[in-house]
1. Got at least one residue in segment 127-143 being touching a Pro at 6+ places or on another chain (Cβ under 7 Å) and either free of Cβ contacts under 8 Å to residues at least 60 places away in the same chain or part of a helix (DSSP H, G or I) (or both)?
2. Kindly establish whether residue 127 is in the same structural domain as residue 91 (by TED's automatic domain parsing), among the charged types (D, E, K, R) and crowded, with 19+ Cβ neighbours inside 10 Å.
3. Within the bounds of segment 35-52, is there any residue that is in a helix (DSSP H, G or I) and under 18 Å from residue 148 (Cβ atoms)?
4. Does residue 72 count as of a type in the set (S, T, N, Q) and either closer than 14 Å to residue 32 by Cβ or without any contact (Cβ under 8 Å) to a residue 12 or more places away in the chain (or both)?
5. When the residues of segment 25-42 are filtered to those that are surrounded by fewer than 19 Cβ atoms within 10 Å (Cβ to Cβ) and under 22 Å from residue 115 (Cα atoms), which remaining residue is modelled with the highest pLDDT?
6. Pick from 186, 199, 86: which is farther than 25 Å from residue 13 by Cβ and either touching a Phe, Trp or Tyr at 6+ places or on another chain (Cβ under 6 Å) or surrounded by 19 or more Cβ atoms within 10 Å (Cβ to Cβ) (or both)?
7. Which one of the conditions (1) within 26 Å of residue 107 (Cα to Cα); (2) in a helix (DSSP H, G or I) does residue 62 fail to meet, given that it meets all the rest?
8. Would you check if residue 217 is without any contact (Cβ under 8 Å) to a residue 60 or more places away in the chain, charged (D, E, K, R) and in contact with a helix residue (DSSP H, G or I) (Cβ under 6 Å, 6 or more places away or on another chain)?
Amino acid sequence: MSESDPLAYGALEQQIVHQFREPRLCEQALTHKSWANENQVHGRSHNERLEFLGDAVLSLVVSDLLMKRHPNSPEGELSKTRAAVVNEAGLARVAESLSLGQWIFLGKGEEQAGGRSKPSILADTLEALIGSVYVDAGFDAAYRSVEALFVERLLEAQNVAGRDYKSRLQELSQAHLKLAPTYIVVAQTGPEHETTFEVAAHIGSREYARATGRSKKAAEQAAAAQAFELVEAEIKTNNSPAEPV
């Protein structure tokens, strides 16, 4: 973007599930230092302070999401998964999914150098955007944005680490319950291009978990992850999980 137009952020706000009370915060989050240096007459600050804040908010939210999804996972495993989610490459991928590059205010030199597609700039801008949501509306709003933006990355990071929960749940449930898990789509919301699926994971007649995702596969993996943790915990506590009812 080359000029200030706070009313133009509607499409971006829809993707981050947050409508700014103060659009100037969104504008600042999208302002690279190179643009601010070349356009000092506008008096607009660049996004580095918001980036600093957003980095901390993102780390906390992702940590909380991982703790909730995997209550029995050790600290080392959680740390590795979090690092895979919030590293520069992971952040850049999320930013690319938002087409965030088109929104960034860049100086002429950075523009000519291909700054809109640089992973470092995309990652930093995404963190700044999260920071701006936090400043605009508080932690709960930032939490909702991060959860919506990063649910797929959380699953991808787990799978990269060999955590294919559908396969693991299948092996565990067949070994201890002599039953294979099944997955049922219980809800489907949103327009066709932004559909959210809610899936329930069953073993026998018992529902073990429900989870949502932007695709059936993602929702199934998230439900399987929760069900796996529950079955595994029951095995450790009772030597065998409760029989399905």
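The values are calculated or read from the model by the stated rules, or taken from the named source; none is laboratory data. Given the structure is predicted, the values throughout are model-derived calculations rather than measurements. Cβ sites come from the backbone with ideal geometry, for glycine too, and all protein chains shown count toward neighbours.
1. No.
2. yes
3. No, segment 35-52 contains no residue that is in a helix (DSSP H, G or I) and under 18 Å from residue 148 (Cβ atoms).
4. For residue 72, the condition - of a type in the set (S, T, N, Q) and either closer than 14 Å to residue 32 by Cβ or without any contact (Cβ under 8 Å) to a residue 12 or more places away in the chain (or both) - is not met.
5. 33
6. Only one candidate passes the filter, namely 199.
7. Among (1) within 26 Å of residue 107 (Cα to Cα); (2) in a helix (DSSP H, G or I), residue 62 violates only (1).
8. Criteria not met by residue 217.
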